[in-house]
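J.: Have a look at the structure that comes next, please.
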Amino acid sequence: LPVYDRLAEDWKALLSLSGKPIEDLLDPLMRLSALHQVIYILDRAQTTKTGNGPDAFPPFVFELAGSARKNPVQRISAGQYGSHIMLSRQAIDAFIDAFAQSKYWREQLATTMQRRNAANILKDMLLWKGDDDNGVGRNDSPEALLESLRLSALKDSKHTIWATVSSQTKGAGMALAKRRAGTWYAPNDAFLEALVLANVTDPVELGVFLRDLYNRYRIVIGQEQAQRAFGSSAAISLDQLKINEQRLEQRLRVLGFVDRKSDACAFVVNPYYEHGDRTDADAA
């Protein structure tokens, strides 16, 4: 899968920076590894649900204000976060539906004797031991067993796939949760720094940097990426997205990662990159 290559590229890019001590690189390594794990989960969930290939999952929308006050960018960002949580649940539903329609399942249940083995089939194929909470026993019908399996898989617990998406995005600093405002994608400064360190060598124009973030991670921040991701259906004005871009530039400038040459041109810079640091990575 492409996500494996991008993970390796980001690790190599970070570990090749001679301007930063190795111990200082553990933090960005953690944050980008979490991002790639979430992308992997969303990739697999989208493929299971729709059959589409990799990199077809709903994009991230980063809101750069990070305040509890709701604004148009925050609302669409919260909507994308919710769609990512729901996507894993929908993928489980789709997987169970596909298994129920599979030739193997139908063949195994073709006779009365085999129907009695439905519980054993689910145990062997899906590692499911049954769910006593739902009052389903081994002698129940295959249809009842499958429905019990579905309820068990979708039960709200700390060990679900969508709980992993939630914990990883929050732990990496790319999602923010506030009372009464909900949860949405609002990267903290450490996460923004990790993105710059892994993706910038020579100074790059801000618009190109935003394009690269969308191409590599499906991260939407500005106008161009929103139009690519949502087309004319984006329920957000271009003016709000322009403000979002400006907020990103302001925050990167405070962190020391932006050099504005003129009123019309700002460059993202990586002060820790030295020429020759990533010769092999650039060639690859």
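J.: Pairs please, first residue from the range 190-209 and in contact (Cβ under 8 Å) with a residue 40 or more places away in the chain and under 9 Å from F267 (Cα atoms), second anywhere and open to solvent by less than 40 Å² (accessible area, probe 1.4 Å) and part of a helix (DSSP H, G or I), Cβ atoms under 7 Å, 6+ apart in sequence or on different chains.
T.: Every condition considered, the pairs that remain are L206/E249.
J.: Would you mind stating whether E224 is in contact (Cβ under 8 Å) with a residue 40 or more places away in the chain and not aromatic (F, W, Y)?
T.: The answer is no for E224.
J.: Within the range 248-265, can you find the residues that are more than 17 Å from L197 (Cα to Cα) and either in contact with a helix residue (DSSP H, G or I) (Cβ under 6 Å, 6 or more places away or on another chain) or at pLDDT 90 or above (or both)?
T.: Result: Q250, single match.
J.: Any residue at all in the range 227-237 that's open to solvent by less than 20 Å² (accessible area, probe 1.4 Å) and part of a helix (DSSP H, G or I)?
T.: Within the range 227-237, none of the residues are open to solvent by less than 20 Å² (accessible area, probe 1.4 Å) and part of a helix (DSSP H, G or I).
J.: For R89, indicate whether it is open to solvent by 60 Å² or more (accessible area, probe 1.4 Å), over 22 Å from G231 (Cα atoms) and in contact (Cβ under 8 Å) with a residue 60 or more places away in the chain.
T.: For R89, the condition - open to solvent by 60 Å² or more (accessible area, probe 1.4 Å), over 22 Å from G231 (Cα atoms) and in contact (Cβ under 8 Å) with a residue 60 or more places away in the chain - is met.
J.: Still on this model: Select from the range 243-257 the residues that are among the hydrophobic types (A, V, I, L, M, F, W, C) and open to solvent by 70 Å² or more (accessible area, probe 1.4 Å) and list them in ascending order.
T.: V254
J.: Checking A281 against (1) assigned to a helix (DSSP H, G or I); (2) modelled with pLDDT of 95 or more; (3) aliphatic (A, V, I, L, M); (4) open to solvent by less than 50 Å² (accessible area, probe 1.4 Å), only one condition comes out false. Which one?
T.: (2)
J.: Here's something else I'd like to know. Within the range 130-147, restricting attention to residues that are exposed (fewer than 12 other Cβ atoms within 10 Å of the Cβ) and not in a loop (DSSP other than H, G, I, E, B), which residue is modelled with the highest pLDDT?
T.: It comes out as E143.
The values are calculated or read from the model by the stated rules, or taken from the named source; none is laboratory data. What you are looking at is a predicted structure, and each value in this text was computed from that prediction instead of being measured. In this analysis, Cβ positions are derived from the backbone assuming ideal geometry, glycine residues included, and neighbour counts consider all displayed protein chains. Ligands, DNA and RNA are excluded from the accessible area calculation, which covers all protein heavy atoms including side chains. Shrake-Rupley method; radii C 1.70, N 1.55, O 1.52, S 1.80 Å.
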